[in-house]
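Quick notes on the structure that follows.
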Amino acid sequence: MTAPGIAVTGIGLVTAAGVGAGASWSGVCGGVSAARRDPALAGLPVDFSCTVPDFDAGRLVGRRSRLVHDRFVQLAIVAAREAVADSGLDPETWDGARVGVVIGCGLGGVATWERQHRLLLDKGPDAVSALLIPMLVPNMVAGHLAMELGATGPNLVTATACASGATAIGTALGLLRDGACDVVVTGGAEAGVSPLIVTGFAQMGALSTRTADPAAASRPFDADRDGFVIGEGSGVLVLEREADAVARGARVRARAAGYGASADAHHMTAPDPAGAGVLRALDAALAEAGVGPSDVDHVNAHGTSTPLNDVAEARVLARTVGGGAAVTSTKGVLGHTLGAAGAIEAALTVLAVETGTVPPTANLTRQDPEIDLDVVAGSPRARRVDVAVSNSFGFGGQNAVLIFTAA
């Protein structure tokens, strides 16, 4: 039996390029890095990041938000509101029991954790917020979205490190295909730019140390890359069965056609250089979508700007889609948003399919000779995109691949 087609009918984005899908898409197509020095990281060996500019939670979420929400939840609420409005669905009239929420998050409320721990040390237990636990646990992002949207169907958070957002979308596809939901609000959110988290990544040697020129630090696939730039953000998609979307006259922005997942079972943080796990996930996603490697027009690569990951991913892509696909990494502009990355990049992949535009990879001035791919650089490339791949990989060797096709 053929699996039902799944439509993407709404998109919401909050990224370092701006609040809203329009600002985010314009930013990645402009190809200029959003990285800049971060006052919250002053004095650390790595003192720059890609954070959301001018994000006023009181205005965008509500006056009480700072008392009850960590920043990762605030970002998700804004992105979800945009996505649902974009879909044309009305939470006031939908059957909430048939609406699911699946959000990816790798860290949860780490900023709240750090602030409250400091209060405990400086002022004692009475100074710690009674809302510490509900503000920091990752599952609360899905819980708050359910309350926001009146969605009483399946509700969960996926945590597969930097693949979390893509894993969430893949899980949402299963809920729709199994008939458990009619609509799923899905994606990812992360706000992990905190002194402790940044220090932890720096101690691992994972971050770029290009402190003299932060805007040039995230350079996926470039020969001079030296690590990723940490970022924050949220990406949310509204998914529903295509037949349902067409019946209500909705705009189908693209189809979510395939999902594949695997584990490297290789190393805590390093990718398998042979790429066997990535290949399994890609093959599974292509098979579910009913397309072959030669059909792929565009790949939004995981492309972290780290020496090992970029080469390992490129080897798999070179063996499969080869030079026929226009490859990009939007982390050159937005940085690495960790658990939100797979969702943000999925939304950007949908926009590439819909608009026939592949954004450039920022800061790619000298492509690594080991990377034998057609990587888009300099300016956006206009091309028809009927089949697109979005790759996401996480610490622990967890891989998630999504396929989007033209409506």
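The values are calculated or read from the model by the stated rules, or taken from the named source; none is laboratory data. Because the structure is predicted, anything quoted here is derived from the model rather than measured. Glycine gets a Cβ as well: all are built from the backbone with ideal geometry, and neighbour counts include every protein chain shown.
Looking across the stretch 133-167 at every residue that is among the β-branched types (Val, Ile, Thr) and assigned to a helix (DSSP H, G or I), the one that is surrounded by the most Cβ atoms within 10 Å (Cβ to Cβ) is identified as VAL141.
Listed by first and then second residue, the pairs with beta-carbon distance under 8 Å, at least 6 apart or on different chains, first residue in the stretch 350-377 and free of Cβ contacts under 8 Å to residues at least 60 places away in the same chain and within 17 Å of VAL321 (Cα to Cα), second in a loop (DSSP other than H, G, I, E, B) and not hydrophobic (A, V, I, L, M, F, W, C), are VAL376/PRO359; VAL376/PRO360; VAL376/THR361. Taking the criterion of being in contact with a helix residue (DSSP H, G or I) (Cβ under 7 Å, 6 or more places away or on another chain), in a loop (DSSP other than H, G, I, E, B) and not acidic (Asp, Glu), the residues of the stretch 174-192 that qualify are CYS181, ALA191, GLY192. Kindly provide the set of residues from the stretch 312-331 that are under 21 Å from ALA161 (Cβ atoms) and in contact with a Phe, Trp or Tyr (Cβ under 9 Å, 6 or more places away or on another chain), ordered by number. Once the filter is applied, which keeps residues that are under 21 Å from ALA161 (Cβ atoms) and in contact with a Phe, Trp or Tyr (Cβ under 9 Å, 6 or more places away or on another chain), the stretch 312-331 yields ALA312, GLU313, ALA314, SER329, LYS331. The single condition among (1) in the same structural domain as PHE395 (by TED's automatic domain parsing); (2) surrounded by fewer than 23 Cβ atoms within 10 Å (Cβ to Cβ); (3) part of a helix (DSSP H, G or I) that ALA243 does not satisfy is (1). Within the stretch 186-206, take every residue that is among the aliphatic types (A, V, I, L, M) and touching a Ser or Thr at 6+ places or on another chain (Cβ under 9 Å) and give me the one that is nearest to ALA80 (Cα to Cα). Looking at the filtered set, the residue picked out is ALA189. Each residue in the stretch 198-225 was checked for being in a loop (DSSP other than H, G, I, E, B), of a type in the set (A, V, I, L, M) and either in contact with a helix residue (DSSP H, G or I) (Cβ under 8 Å, 6 or more places away or on another chain) or more than 23 Å from LEU373 (Cβ to Cβ) (or both), and 1 pass. Hey, could you check the stretch 258-273 for residues that are surrounded by 17 or more Cβ atoms within 10 Å (Cβ to Cβ) and more than 20 Å from the chain's Cα centre (by Cα) and say which is farthest from GLY323 (Cα to Cα)? Among residues in the stretch 258-273 that are surrounded by 17 or more Cβ atoms within 10 Å (Cβ to Cβ) and more than 20 Å from the chain's Cα centre (by Cα), the one farthest from GLY323 (Cα to Cα) is ASP264. One residue stands out in the stretch 86-132 among those that are closer than 20 Å to ASP182 by Cβ, among the hydrophobic types (A, V, I, L, M, F, W, C) and buried (at least 22 other Cβ atoms within 10 Å of the Cβ): the one that is nearest to the chain's Cα centre (by Cα), namely ILE103. Among the residues examined, ALA83 qualifies as within 24 Å of the chain's Cα centre (by Cα) and under 27 Å from ASP182 (Cα atoms). Taking residues in the stretch 36-48 that are assigned by TED's automatic domain parsing to the domain that holds ARG210, and partners anywhere that are part of a loop (DSSP other than H, G, I, E, B), the pairs with Cβ atoms closer than 6 Å and at least 6 places apart or on different chains are ARG37/ASP47; LEU41/ASP47; PHE48/ALA35; PHE48/ASP38. If the condition is being in contact with a Lys or Arg (Cβ under 9 Å, 6 or more places away or on another chain) and aromatic (Phe, Trp, Tyr), then the stretch 207-229 contributes only PHE228. Scan the stretch 27-84 residue by residue and report those that are part of a loop (DSSP other than H, G, I, E, B) and small (Gly, Ala, Ser). Across the stretch 27-84, the qualifying residues are GLY31, SER33, ALA34, ALA35, ALA42, GLY43, GLY62.
Would you confirm whether any residue within the stretch 168-178 is under 23 Å from VAL61 (Cβ atoms) and charged (D, E, K, R)? No - not one qualifying residue is present in the stretch 168-178.
As a summary of the residue check, GLY109 satisfies the conditions (1) in contact (Cβ under 8 Å) with a residue 24 or more places away in the chain; (2) under 24 Å from VAL350 (Cα atoms); (3) out of contact with any strand residue (DSSP E or B) (no Cβ under 8 Å at 6 or more places or on another chain) except for the one numbered (2). One residue alone among GLY192, GLY153, GLY124 is small (Gly, Ala, Ser), free of Cβ contacts under 8 Å to residues at least 60 places away in the same chain and out of contact with any strand residue (DSSP E or B) (no Cβ under 6 Å at 6 or more places or on another chain), and that residue is GLY124. Tell me yes or no: at least one residue of the stretch 224-237 is of a type in the set (S, T, N, Q), surrounded by fewer than 16 Cβ atoms within 10 Å (Cβ to Cβ) and either more than 18 Å from ARG315 (Cα to Cα) or in contact (Cβ under 8 Å) with a residue 12 or more places away in the chain (or both). No, the stretch 224-237 has no match at all.
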